[in-house]
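Below is one structure, written out as structure tokens; comments come after it.
The values are calculated or read from the model by the stated rules, or taken from the named source; none is laboratory data. Treat the numbers as computed from the prediction; the structure is a model and nothing was measured. Backbone-built Cβ (ideal geometry, glycine too); neighbour counts: all protein chains shown. These area figures cover heavy atoms from the full protein model, side chains too; ligands, DNA and RNA do not enter into them. Shrake-Rupley method; radii C 1.70, N 1.55, O 1.52, S 1.80 Å.
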Amino acid sequence: QVQLVESGGGLVQAGGSLRLSCATSGNIFSINDMNWYRQAPGKERELVAALTSDGSTNYADSVKGRFTISRDSAKNTVYLQMNSLKPEDTGIYYCNVVTLFRRAYWGQGTQVTVSS
């Protein structure tokens, strides 16, 4: 089992920045991939940023150049640095990890609201 606790969401004006954190615990040595998803009102959940165990990253086209996913192994935490935020970035952001056994775990979500 892996537990995820997200933090760092909030209300920010367009052009501002936020950093989301996802603290992991439990069987963290089984974690392979670490991802951030978001779900905007009335839309499906979408992958925003991905980080694989070998350090490779991948981003949705809509956030490339603005968002950065990173990991602090010493703190067992994955981050999502979000800069130049836009109103369309508004949504609930979810931390997701996939283990070596291809089992997925989700955090509870954190709300990000960007005002225009």
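Brief remarks follow.
- Prolate/oblate/rounded call for the stretch 54-116, Cα gyration tensor, a/c under 1.5 rounded: prolate
- Per-residue surface analysis assigns Leu100 an accessible area of about 100 Å², computed on protein heavy atoms at 1.4 Å probe radius.
- Comparing Val12, Val97, Val78 in a Gaussian network model of the chain (Cα springs below 10 Å), the most mobile by mean-square fluctuation is Val12.
- Figure legend: label point modelled 7 angstrom from the Cα of Leu47 along Cα→Cβ; residues of the stretch 84-114 with amide N under 19 Å from it are 92-107.
- Listed values for the stretch 37-42 are Karplus-derived 3J(HN,Hα) couplings in whole Hz (6.51 cos²θ - 1.76 cosθ + 1.60, θ = phi - 60°), namely 10, 9, 9, 7, x, x, and x replaces Gly and Pro.
- Listed residues Thr68, Thr52 arranged by accessible area, highest first, probe 1.4 Å: Thr68, Thr52
- Remark: the chain carries 53 Å² of accessible area per residue (probe radius 1.4 Å; ligands, DNA and RNA excluded).
- Rounded to the nearest 20 debye, dipole of the chain from Cβ charges on Lys, Arg, Asp, Glu: 60
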